[in-house]
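Q: The structure is given below, and queries will be raised subsequently.
Just so it is clear, none of the values below were taken in a lab; they were calculated from the coordinates. All figures in this text were calculated on a predicted structure; none of them were measured in a lab. Positions of Cβ are generated from backbone atoms using ideal geometry, with glycine treated the same way; all protein chains shown enter the neighbour counts.
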Number of protein chains: 2
Amino acid sequence: MAEDREAKNPVQSAERIFKILEMLAESGEMGLMEISAALSLHKSTVHRLLTSLIYMGYARQDEATQKYMLSYKLVSMAGKILARTDILQIARPYLERLSDISGETVHLVQREGSNILYIYKIEAKVGTIRMVSHVGMVHPMYCSGVGKAIMAALPEKEIRQIWEDSIIEKKTEKTITEYKELLAVIDEAKDRGYALDDEENEEGVRCIAASLRGYGNEVRYAFSISGPVSRMTNERIRELSADVKRVQQELSGELGYLRT
Amino acid sequence: MAEDREAKNPVQSAERIFKILEMLAESGEMGLMEISAALSLHKSTVHRLLTSLIYMGYARQDEATQKYMLSYKLVSMAGKILARTDILQIARPYLERLSDISGETVHLVQREGSNILYIYKIEAKVGTIRMVSHVGMVHPMYCSGVGKAIMAALPEKEIRQIWEDSIIEKKTEKTITEYKELLAVIDEAKDRGYALDDEENEEGVRCIAASLRGYGNEVRYAFSISGPVSRMTNERIRELSADVKRVQQELSGELGYLRT
DNA sequence: AACTATCGTTCCGCAATATGAAACCTATGG
DNA sequence: CCATAGGTTTCATATTGCGGAACGATAGTT
């Protein structure tokens, strides 16, 4: 077959200049020949492309060593992107999929000190029960699945702090009111890789949650699937946990782009 | 003179592709014609360059709206650059301690000419107020605590230069718009050993800042603690200033050892 | 439905542009 | 002082990127 279907970069010089950019981002600083050799490009070509990068302000050359390195213009650009893009943009499609799979209510929350803030909610597609949660709601961490998911990623010192900051309130029969018990439950969550809320916050509601790491690599978000006990059997939770963990995996991957 | 000395970008397509990149970073998402019009480039040219960006993974096109936007690859690259900025490695534990002590937002910035670049941020651990600052943000020096902390270590000639380079803008009631006033405030900072920002940049936000000397012994960095006026009383600022100055002391010592 | 306007995509001939060989600098060190 | 190994500049060449034009798809209008 003479067919040449394979996609190809339509702009050669762009291909090359970004290769150089990526290489410099990786290695910090490099000499002309070093880059030339690594990319199998003629040194005069590399020189021209570098001159262009410098002209545009993306790179600079060390006066003394003559080595090339990146400027902070890229960092500044990245900052603009981040400033605009909250996690919601990224997470939404994944959460939508969770909602499709399960038909249950899906939440995305953000840590706010010792509390969590609901920043996104997809209503259940089956049944008629409506959860009291809503976007903008602030809720203590200790008695929610998402809260425990976040705490499972924190050092014990911080968990203790959160506990002390919280007004412990026995919302249901099963609400945890002993610090030791909380720690035990969090330990379980650590082992499993996901946290549970077994009617500890709202009578008849169970949920399964996992945390997410944000830009600075700190745990700042969590998401969950919630539903009535009638449908959220142990059996079903085990099934859904696979989906939750997969989404956590995938989302972490995508958000990981934002980290180092 | 027929002399045409003015530097020129030696790679046209690079020039254009980065213009597109910058434009997208600024605006979030744009249509083909929109970009084409804004840059006075033929739409087929823009299309080709965008295809190239997408091919390399720096951009993507929304399925539904067909609009173009940047991916997170740039952010990831920026992360790599920042990760290598060694002051960050050294300073991080100290800044974390400041954050622990105060519970407030902590920033680390780097001087970039007459501006500052935010290279690290620790979010406040108490309260729910979020500062607009973010890593990668570029900001004028004259109306920020960190900027004034840096200027306090510069000769007046340079301060004047910075002032002239800056676009003076009355961001709040208290923003300094007179050069003489700036000098006075900087003088105070020199005496005290730390600089303040008293709602000069963002309504309701006060901050306390100090500068750091880099490798060549020139002042290139500064850090700060910021918080809402409600918590950042004069009393508290005096308390925190001791911590700020101690961290400055310790960090300066450690950075002094580094000589490339 | 037919018409129109708008936007994104594809094609392709032309020449401007990017290419790389070679010559030229400038340090460093043997 | 010569040799070597970077980095820089020049320049003829053809490859690459350019943009006019035509196409397709979608949405708004009559």
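Q: Within 10 Å of each residue's Cβ, count the other Cβ atoms and sort B:LYS80, A:LYS171 from fewest upward. Present the calculation step by step, with values, prior to reporting the outcome.
A: Values: B:LYS80 19, A:LYS171 15.
The fewest-first ordering by Cβ neighbours comes to A:LYS171, B:LYS80.
Q: OK, next. Shortest first and in nm with one decimal, please list how far the A:GLY103 label point sits from its counterparts in the other copies (point 7 Å along Cα→Cβ).
A: Copy-to-copy label distances for A:GLY103: 4.6 nm.
Q: Charges at C-beta only: +1 for Lys and Arg, -1 for Asp and Glu. How large is the resulting dipole of region B:5-151 about its Cα centre, in Debye rounded to 20? Could the numbers behind the result be given before it?
A: Values: 18 positive and 14 negative charges, 65 e Å.
Here region B:5-151 has a charge dipole of around 320 debye.
Q: Can you tell me the orientation of helix A:73-84 relative to chain A, as the angle in degrees between its alpha-carbon axis and the longest Cα principal axis, to the nearest 10?
A: Rounded to the nearest ten degrees, it is 30.
Q: With the crude spin-label approximation of a point 7 Å out along Cα→Cβ, what separation in nm comes out for A:HIS42 versus A:ALA184?
A: 7.5
Q: Enter the mean number of other protein chain beta carbons within 10 Å of the beta carbon of each residue in B:49-57, as an integer.
A: Working: counts 3, 2, 5, 9, 4, 2, 8, 9, 3.
Neighbouring Cβ atoms belonging to other protein chains average 5 per residue here.
Q: List every residue whose amide H lies under 5 Å from the amide H of B:TYR120, counting only residues 5 or more places away in sequence or on a different chain, with H placed 1.01 Å from N in the peptide plane.
A: Distant-sequence amide H within range of B:TYR120: B:LEU108.
Q: Using all Cα-Cα distances in region B:141-260, what percent lands in each 10 angstrom bin from 0 up to the longest?
A: 14, 44, 32, 9, 0
Q: What size of dipole, in debye to the nearest 20, comes out for the protein assembly as shown about its Cα centre when the only charges are +1 on Lys and Arg C-beta atoms and -1 on Asp and Glu C-beta atoms? Walk me through the intermediate numbers first.
A: Details: 70 positive and 78 negative charges, 204 e Å.
The calculation lands at about 980 debye.
Q: In percent, how large is the relative contact order of chain B, given Cα pairs closer than 8 Å and 6 or more residues apart?
A: On the way: 379 pairs, mean separation 38.0, N = 260.
15 percent.
Q: Right, here's the next one. Step through the residues of region B:43-58 one at a time and calculate ³J(HN,Hα) from phi using the Karplus curve (6.51 cos²θ - 1.76 cosθ + 1.60, θ = phi - 60°), rounding each to whole Hz and writing x for Gly and Pro.
A: 4, 5, 5, 4, 4, 4, 5, 5, 4, 5, 4, 5, 3, 7, x, 8
Q: Return one quarter of the surface area of the convex hull spanned by the alpha-carbon atoms of chain B, equal to its mean projected area, in nm². Could you put the intermediate results ahead of the total?
A: Numbers: hull surface 74.8 nm².
Result: 18.7 nm².
Q: So what are the ³J(HN,Hα) numbers for region A:150-166, from phi and the Karplus equation (6.51, -1.76, 1.60; θ = phi - 60°), rounded to whole Hz, Gly and Pro as x?
A: So the Karplus estimates, Gly and Pro as x, are 5, 4, 4, 9, 10, x, 4, 4, 6, 4, 4, 4, 4, 4, 5, 6, 8 Hz.
Q: Amide H of A:ALA59: which non-local residues (sequence gap of 5 or more, or other chain) have their own amide H closer than 5 Å, using H built in the peptide plane?
A: The answer is A:ILE54, A:SER71.
Q: What ranking do A:THR233, B:THR85 get, fewest neighbouring Cβ atoms within 10 angstrom at the top? Mind dumping the intermediate values first?
A: Details: A:THR233 12, B:THR85 18.
Starting with the residue having the fewest Cβ neighbours, the order is A:THR233, B:THR85.
Q: Let me ask something else. Per residue of region A:26-35, what does 6.51 cos²θ - 1.76 cosθ + 1.60 with θ = phi - 60° give for ³J(HN,Hα)? Whole Hz please, x for Gly and Pro, Karplus curve as stated.
A: 6, 9, x, 9, 9, x, 4, 4, 4, 5
Q: For A:GLU158, go 7 angstrom from Cα along the Cα-to-Cβ vector, then report the distances to that same point in the other copies in nm, smallest first.
A: 3.7
Q: Please report, in cubic angstrom per residue, the volume enclosed by the convex hull of the alpha-carbon atoms of the protein assembly as shown. Working shown, then result.
A: Details: hull volume 111.2 nm³, N = 520.
Hull volume over Cα atoms, normalised by residue count, gives 214 Å³.
Q: Sticking with this one: Most exposed first by the Cβ proxy, i.e. fewest other Cβ within 10 Å, how do B:ASP100, A:ASP165, A:ASP198 rank?
A: B:ASP100, A:ASP165, A:ASP198
Q: What aspartates and glutamates sit close enough to B:LYS171 to cross-link, taking a C-alpha to C-alpha distance under 14 Å and skipping anything fewer than 8 places away on the same chain?
A: Result set, ordered by chain and number: B:ASP197, B:ASP198, B:GLU199, B:GLU200, B:GLU202, B:GLU203.
Q: Place the label 7 angstrom along Cα→C-beta at B:ALA37 and in each other copy, then list the distances from the first to the rest in nm, shortest first.
A: Inter-copy label distances (nm, one decimal, shortest first): 5.2.
Q: Turning to a different aspect of this structure: At 222 nm, what helix-only mean residue ellipticity would the protein assembly as shown give, in deg cm²/dmol to the nearest 500, using -39500 (n - 2.57) for each DSSP H run of four or more? Walk me through the intermediate numbers first.
A: Working: 18 runs with 242 residues, N = 520.
Using -39500 (n - 2.57) per qualifying helix, the result is -15000 deg cm²/dmol.
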